[in-house]
Amino acid sequence: MRISVLGCGYVGAVTGVCFAELGHEVFFVDVDPAKVEAINSAISPIFEPGLDKLLAKNNAVISATTDIHQAIQETEITFVCVGTPSNSNGSIDLTYVQSACQNIGQVLKQKDEMHIVVVKSTVLPGTTEGMVRQSLEEASGKVAHVDFGLASNPEFLREGSALADFISPDRIIIGTADDYAHQTLGELYSSFDCPKLCTTIPVAEMIKYVSNAFLATKISFANEIGNICKKMGIDTAEVFTGVGMDHRINPAFFQSGIGFGGSCFPKDVRALIAKAEELDVDARILKDVSRVNEDQPLKMLDLLERHVPDLENKKIGLLGLAFKPNTDDVRDSRATPLVKELLRKGATVLAYDPMAMGNFKRLYPQIEYAPSADSVLEADAILIATEWEDFENLNYQNKIVIDGRRIKKAREGSTYEGVCW
Ligand code: UGA
């Protein structure tokens, strides 16, 4: 099939390149000429292991442009993969989705052949049949589900393992209200050997939010139990190994630590809380999931102050700035509240991350960045905020170490405290 992908960020880049790998012809569209140029030079516009290689391999069937007109005219399906960031009140900002749909609609007005618009961006239930449909219909003068297909097809890609998640997904969710989109998307995904759920558009949209909210809930639950276990001298990891053996529960996403960051969980939980409020529903569990997550990194500083009571003018080493290992992404990283609070208390921060220092420097140019993980160990005490494999190879002897991510080797520190263990 001929597919256009709007937005060359994380979701768009992975989706488009993987569809090309499956034998489809892919046209990327982005307003940022730098991203377009990168793709046309077979360079991935984002960091994701394996993506550069796959992009180069499928170069012949991939092209990128800033010209949406050409991309829509020449394809049968458009995947909307633009960002949906948070507004200051936690609700989602749909500006990019709306402008993408207005632009698509203008081209559909002039297009004679049938076309399908598929929303992959994470949007709250009601958005596709509401704002998206309205923008497309107003700009095109056509009717959704009659003159063009419309569907929701949420993504479940994890940064760092997005290619494998795309190629071998746990499930594929397709929400639509027209046979044409239903049939065409069914064909597009026919080679995937996994459960597929064809449902309504609002259900598909909600599945995405509920999946992320539930995983976030598991993590905050594991952290709350971890906090209790620490006080009782019980190993929380072993507890969750045992709990996870129940097939009704499953062991994934039970690693206690300093909580979840990234571009998805914090934002999606906030958006669902904001939506609930709008509907006059008190989302108590979700609010507590967020609250536990906000408090969790600060527990490291309580532990630190037990061993270094006055942080003023102390040099605190920070190992890990990315929101998880194997990414350079620092969005909502748990290192951020740590740095903020350390600076407020008058400490100086010496930080290191194998990949994310460039991105973190943009947020915090005023802290010191170490040339290697080793050199962070010279600080008065060390905090570990991301479980990079490299951190298992350091010599922590004679150091004060507060560990937020359970690095085995760090237990060799003369003083060692785990946040939940
Ligand atoms: C998450 C979901 O896992 C994907 O399924 C989803 O598609 C994606 O969001 C999205 O909505 O686009 P991602 O943000 O890449 O993917 O990262 P995860 O691997 O899920 O980790 C999120 C955060 O939770 C990290 O900060 C990680 O350190 C933390 N985490 C994860 C824990 O603290 N404990 C755990 O047991 C697992």
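The values are calculated or read from the model by the stated rules, or taken from the named source; none is laboratory data. Just so you know, these numbers come straight off a predicted model, no measurement behind them. Positions of Cβ are generated from backbone atoms using ideal geometry, with glycine treated the same way; all protein chains shown enter the neighbour counts. Heads up: the accessible areas ignore ligands, DNA and RNA and are worked out on the full protein's heavy atoms, side chains in. Shrake-Rupley method; radii C 1.70, N 1.55, O 1.52, S 1.80 Å.
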Just the C-alpha atoms of the range 1-106: what Rg/Rh do they give, with Rh taken as the Kirkwood radius?
0.98
Loop-located GluC sites (Glu not before Pro) in the range 326-407 whose Cβ has at most 13 other Cβ within 10 Å (DSSP)
378
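With an 8 Å Cα cut-off and a minimum separation of 6 or more residues, compute the relative contact order for the range 15-101 in percent.
Working: 98 pairs, mean separation 23.0, N = 87.
Relative contact order here is 26 percent.
Tell me, what % of the accessible area of the range 72-139 is carbon and sulfur with a 1.4 angstrom probe?
Values: 1100 of 2660 Å².
Result for the range 72-139: 41 percent of the exposed heavy-atom area is carbon or sulfur.
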Taking every eigenvalue of the Cα gyration tensor of the range 36-182, multiplying by 5 and rooting it, what semi-axes result, largest first, whole Å?
26, 20, 16
Could you tell me which of the pairs 53/409; 109/275; 120/142; 231/408; 218/267 are separated by over 26 angstrom between their Cα atoms in the structure shown?
53/409; 109/275
Under unit Cβ charges (Lys, Arg +1; Asp, Glu -1), what dipole magnitude, rounded to 20 debye, does the chain have relative to its Cα centre?
880
Enter the angle in degrees (range 0 to 90, nearest 10) between the Cα long axis of helix 10-21 and the first principal axis of the Cα atoms of the chain, meaning the one along which they spread out most.
60
Signed unit charges on C-beta, dipole axis of the range 242-287, positive-most listed residue 254, 281, 271:
254
Quick one: Cα convex hull volume of the range 290-332, Å³ per residue?
105
Looking at the square roots a ≥ b ≥ c of the eigenvalues of the Cα gyration tensor of the range 31-84, which shape do they give, rounded for a/c under 1.5, prolate if a/b is larger than b/c, or oblate?
prolate
What spacing in nm lies between the two simple spin-label points modelled at residue 183 and residue 412, each 7 Å away from Cα in the Cβ direction?
6.5
Along the charge dipole of the chain, which of 50, 379, 237 sits closest to the positive end, that is, farthest toward it, with unit charges on the beta carbon of Lys, Arg, Asp and Glu (+1, +1, -1, -1)?
379
Can you give the log10 of the normalised intensity I(q)/I(0) at q = 0.24 Å⁻¹, computed with Debye over equal Cα scatterers of the range 1-62?
-0.93
What is the local net charge at residue 130, summed over the other residues whose Cβ is closer than 12 Å to its Cβ (Lys, Arg +1; Asp, Glu -1)?
-2
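How big is the dipole moment of the range 74-197 about its Cα centre under a simple scheme where the beta carbon of each Lys and Arg is +1, that of each Asp and Glu is -1, and everything else is neutral? Debye, nearest 20, please.
Values: 8 positive and 17 negative charges, 51 e Å.
Dipole about the Cα centre, nearest 20: 240 debye.
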Each residue of the range 268-280 in order: what ³J(HN,Hα) in whole Hz does its phi give by Karplus 6.51 cos²θ - 1.76 cosθ + 1.60, θ = phi - 60°, with x for Gly and Pro?
6, 5, 4, 5, 5, 5, 4, 5, 4, 4, 4, 8, 6
For the range 96-115 and the range 116-146, compute the distance between their C-alpha centroids and round to whole Å.
10
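Send over a whole-number figure in Å² for the accessible area per residue of the chain, probe 1.4 Å. Please list the in-between numbers first.
Details: 18620 Å² over 421 residues.
With the other protein chains kept in place, the chain gives 44 Å² per residue.
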Between the alpha carbon centres of the range 342-366 and the range 371-403 the gap in Å comes to 15
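Sort 309-317, 98-106, 168-176 by packing, meaning the average of other beta carbons within 10 Å per residue, with the highest value first.
Working: 309-317: 15.6, 98-106: 20.8, 168-176: 18.3.
With the highest mean Cβ count within 10 Å placed first, the list reads 98-106, 168-176, 309-317.
Please list the equivalent ellipsoid semi-axes of the range 210-338, computed as the square roots of five times the alpha-carbon gyration tensor eigenvalues, in descending order and whole angstrom.
Working: eigenvalues 131, 84, 45 Å².
Rounded to whole Å, the semi-axes are 26, 20, 15.
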Summarise the long-distance tail of P(r) for the range 67-125 by giving the % of C-alpha pairs beyond 12 Å.
67
Alpha carbon centroid spacing (whole Å) that separates the range 249-301 from the range 26-58:
32
So what is the relative contact order for the range 268-340, in percent, with contacts set as C-alpha pairs under 8 Å and at least six apart?
22
Whether the range 288-375 is rounded, prolate or oblate, judged on the alpha carbon gyration tensor where a/c under 1.5 counts as rounded:
oblate
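By the scheme Lys and Arg +1, Asp and Glu -1, what is the net charge of all other residues having a beta-carbon under 15 Å from that of residue 312? Show your work: numbers first, answer last.
On the way: positive: 314, 315, 344, 345; negative: 305, 310, 341, 380.
For residues surrounding residue 312, the net value is 0.
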Let's see if you can work this out: charge +1 on each Lys and Arg Cβ, -1 on each Asp and Glu Cβ, no other charges. What is the dipole magnitude of the range 287-421 about its Cα centre, in debye to the nearest 20?
260
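Can you compute the equivalent ellipsoid semi-axes for the chain, i.e. the square root of 5 times each eigenvalue of the Cα gyration tensor, sorted largest first and rounded to whole Å?
Numbers: eigenvalues 356, 108, 75 Å².
Sorted largest first and rounded, they come to 42, 23, 19 Å.
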Ignoring everything except DSSP H segments at least 4 long, calculate the 222 nm mean residue ellipticity for the chain; use -39,500 (n - 2.57) per segment, divide by total residues, nearest 500.
-12500 deg cm²/dmol
Using alpha carbons only, how many degrees (0 to 90, rounded to 10) separate the axis of helix 284-307 from the longest principal axis of the chain?
30
